[in-house]
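Just so it is clear, none of the values below were taken in a lab; they were calculated from the coordinates. Not measured: the values here are computed from a predicted model. Because the Cβ atoms are built from the backbone with ideal geometry, glycine has one as well, and the counts that use them run over all protein chains shown.
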Amino acid sequence: MIVHDKEFETFISHQSILAKTKELAQRINEDYQGKSPLFIGVLNGVFMFAADLMKEINLPSEISFIKLSSYEDLSSTGKVSELIGLKEDLAGKDIIIVEDIVDTGETMTHLLRKLAELNPSSIEIATLLLKVDVFKKDIDLKYVGFKIPEKFVIGYGLDYNGHGRNLKDIYQIKEQ
Ligand code: IMP
């Protein structure tokens, strides 16, 4: 499979993704009995995982989506990214962040800090993929689908320069 200039090979089948997603949803269903969590999906990559996960959730629950926009803030030293799209009041709510992939954990660290400022009663994380050798942050990732090696992946929502999000399976870059 060629996407742009790179070759990819099948890595995780759609069937395995769905089986793992069901497992994660079952754990969430048990852990949140009697509660009514608010799922927050991080766009764009999460759209497929969020859809399949939510179909297996049997709790009274809500879902909302956010985007992180990065821009250079000229008055400060580094990059700043803002949350866009969050309309809900998070105060007192049980939040489950839903991500497609955690790599270095930079994005998640930033997101957790931002969401914690909104005073939810709890925050947990569900990610389909974790690049386990790259991730060095001190964050508790409660629901992890697959721990994968440090190789670029596409498909099932994940892209390479905008392409590949539509693929049903997850593909890994093929080393030359
Ligand atoms: P982190 O901040 O390093 O954890 O990176 C997280 C973000 O980088 C994810 O939300 C993805 O958008 C992107 N990303 C990291 N690894 C991959 C990959 O292998 N394929 C596609 N996107 C990736």
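Couple of notes before you dig in:
- The residues 108, 1, when put in order of fewest to most other Cβ atoms within 10 Å, stand as 1, 108.
- R0 of 41 Å, Cβ-Cβ distance residue 134-residue 29: FRET efficiency to nearest 0.05: 0.85
- Measuring nothing but how far apart in sequence close Cα pairs (under 8 Å, 6+ apart) lie, relative to its length, the chain scores a relative contact order of 25 percent.
- When each of 7, 99 is scored by the number of other beta-carbon atoms lying within 10 Å, the sequence from fewest to most is 7, 99.
- Among the trypsin sites (Lys or Arg not before Pro) in the stretch 1-44, none sits in a DSSP loop with a Cβ that has at most 10 other Cβ atoms within 10 Å.
- The loop-placed GluC sites (Glu not before Pro) in the stretch 109-176, going by DSSP, that have at most 11 neighbouring Cβ atoms within 10 Å of their Cβ come out as 117, 150, 175.
- Net charge in the neighbourhood of residue 42 (other residues with Cβ under 15 Å of its Cβ; Lys, Arg +1, Asp, Glu -1) is -4.
- Percent of beta bridges antiparallel (DSSP, the stretch 29-176, rounded to nearest 5): 30
- A crude spin-label estimate for the pair residue 36 and residue 147, with each label 7 Å from Cα along the Cβ direction, gives 3.7 nm.
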